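The values are calculated or read from the model by the stated rules, or taken from the named source; none is laboratory data. Here the structure is a predicted model, which means the values were calculated and not measured. Note: ideal-geometry Cβ built from the backbone for every residue, glycine included; neighbour counts use all protein chains shown. All accessible areas refer to the heavy atoms of the entire protein, side chains included, with ligands and DNA or RNA removed. Shrake-Rupley method; radii C 1.70, N 1.55, O 1.52, S 1.80 Å.
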Amino acid sequence: MKLPNIKTSLPGPKAAALIHTDRDHVSPSYTRGYPLVAEKAKGVWIHDPDGNTFLDFTSGIAVCATGHCHPHVVNAIKKQADKLLHMSGTDFYYTPQIALAEKLASLVPGNGDNKVYFGNSGAESVEAAFKLARWYTKRELNIAFFGSFHGRTMGALSLTASKIIQKKHYNPLIPGITHIPYAYCYRCPYNLSYPDCEIECVRWVEDTLFRTTVPPEEVAAIFVEPIQGEGGYIVPPPEFHTELYKAAKKYGILYVADEVQSGMGRTGKMFAMEHFGVVPDIIALAKGIASGMPLGAMVAKSDIMVWEAGSHASTFGGNPVSCSAALATIELLESELMEKARINGEYLIAGLRELQKSIECMGDVRGKGLMVGVELVKDRVTKERAGDWRNEVIQKAFAKGLLLLGCGENTIRFCPALTVSKEEIDACLSIFEETLRDLAI
Ligand SMILES: Cc1ncc(COP(=O)(O)O)c(C=O)c1O
């Protein structure tokens, strides 16, 4: 079994020098959990400038869906870079943007009659969805969820309700957004248990929210992550989206799925909402869409994306090189990687559940495909959150050469490239186990 190879103390001397310069000149708003300097990478393996090799279960925050530098994607990028780097799809036409729009329109759930807006990031996709929902409905109110992360531009940030540090000193944000509890069954906000709860989290919206504070006829859209990402990799129960969608449709409210993290094959289906059988009105995409090239897409039903020329655009959005990378990415997802994510995701979850049997602090293991979270708790009965242990585990795993990320207050996320092999998952599981047992928690 191939394992990480750590030859120096971390960071090594070359990495330490780079980090020193970074501290002098790069924005201190970035949250670097540990001192990894990535120099080159292939698949799920990253090399730093000091010759250390790391096993990457973060894929650059769920972005490098096809693995680092997949040759098919790299070739597509090189070919396109030789032909046309930029022409601005907002003012002119070029093949990769048109081809990708056609592909995405047919790929998202529904009848294929969709249109695509291109940006450069997840926040831009959400921002565009936010503006389109307002433009189309001419309504001013919106609903989003506690724990949600939709991005950091002022509109997307107004929908986000993940961590207070993300919002501190930025008020006033966009008014008219009501945040409500997500279907977080491990910690049910209504203290109920699935399935006896009868999806109270949706019933509450209709019976309380819409009767007391939020007139549903004034709500433009519900913004929801099919599986909550930054909030803790929380998988809602099967009926959650169908029931919420039904409630939305009663009042002409648009259903906006933020698939920025959960989309593009990661969960074993092209879009996570497909696990729930709901066809959203608008879908926000980014992250895994172009294997690491900057690209965001907002896909909406054609009868909804009816805004006028000039009402929204972006100079760089839908860049030809990024679009070519996305087309190559989708080819790989469709031909093998989506199915691989499903199979290997089950393998990873089974491995983690096996560890859970004897490691008490692993309170909850959950996920779909290769979007997997482990919630650490101090006590399985009280479910006291073990955020400090979670942070320690991530640090110690890094020292052993395994790259992990946190999400929520006390969850560790596993979001490797969809190319990850069973052997690489075994390597991850063995380091993760050793890390937890070393900490004796
Ligand atoms: C669900 C979701 N939406 C939006 C975003 C924002 O994406 P970006 O950082 O590319 O702006 C993220 C990023 O983590 C996300 O997970």
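Miscellaneous remarks
- For region 333-398, the calculated P(r) over all alpha carbon pairs, in 5 Å bins from 0 to the bin holding the longest distance, is 4, 17, 20, 21, 17, 10, 6, 4, 1 percent.
- Dividing the mean sequence gap of close Cα pairs (under 8 Å, 6+ apart) by how many residues region 38-106 holds gives a relative contact order of 20 percent.
- Percent RCO, i.e. relative contact order, over region 350-441, from Cα pairs under 8 Å lying at least 6 residues apart: 27 percent
- Dipole magnitude (debye, nearest 20) for the chain, charges at Cβ of Lys, Arg, Asp, Glu: 520 debye
- Within the chain, the longest segment free of exposed loop sites, counting GluC sites (Glu not before Pro) that fall outside DSSP classes H, G, I, E and B and have at most 15 other Cβ atoms within 10 Å, spans 199-307.
- Once exposed loop trypsin sites (Lys or Arg not before Pro) are cut out (DSSP; at most 13 other Cβ, 10 Å), longest piece of the chain: 169-356
- Here's how it looks for Ala220: its modeled amide H is under 5 Å from those of Glu140, Leu141, Asn142, which are all 5 or more places away or on a different chain.
- Viscosity 1.567 mPa s, 4 °C: Kirkwood-radius Stokes-Einstein D of region 200-279 over Cα pairs, µm²/s: 98 µm²/s
- Relative contact order for the chain, counting Cα pairs under 8 Å that sit 6 or more residues apart, in percent: 23 percent
- The chain shape via C-alpha gyration tensor axes, a/c threshold 1.5: oblate
- Nonlocal amide H pairs with Ser121, under 5 Å, H built at 1.01 Å: Gly296
- The helix-only estimate of mean residue ellipticity at 222 nm for the chain, built from DSSP H runs of length n ≥ 4 each weighted as -39500 (n - 2.57), is -10000 deg cm²/dmol after division by the residue total.
- Gaussian network model of the chain, springs between alpha carbon atoms under 10 Å - residue of Val306, Val44, Val260 with greatest fluctuation: Val306
- In order along region 160-165, phi translates into HN-Hα couplings of 5, 9, 9, 9, 5, 4 Hz, rounded to whole numbers, per the Karplus curve 6.51 cos²θ - 1.76 cosθ + 1.60 with θ = phi - 60° and x for Gly and Pro.
- Region 192-217 and region 221-250 have Cα centres lying 13 Å from one another.
- Of the chymotrypsin sites (Phe, Trp or Tyr not before Pro) found in region 1-99, those in coil by DSSP whose Cβ has at most 15 other Cβ atoms within 10 Å are Tyr30, Phe92, Tyr93.
- A crude spin-label estimate for the pair Thr153 and Leu192, with each label 7 Å from Cα along the Cβ direction, gives 3.8 nm.
- Distance between region 80-144 and region 363-441 - C-alpha centres, whole angstrom: 35 Å
- Dipole in debye (nearest 20) - region 267-338, about Cα centre, beta carbon charges: Lys, Arg +1; Asp, Glu -1: 180 debye
- Count, lysine Cα pairs under 25 Å in region 293-440, 8 or more residues apart or across chains: 16
- For the chain, the per residue solvent-accessible surface stands at 43 Å², with DNA, RNA and ligands left out and a 1.4 Å probe.
- If you take the Cα centroid of region 12-72 and the Cα centroid of region 292-323, the two points sit 29 Å apart.
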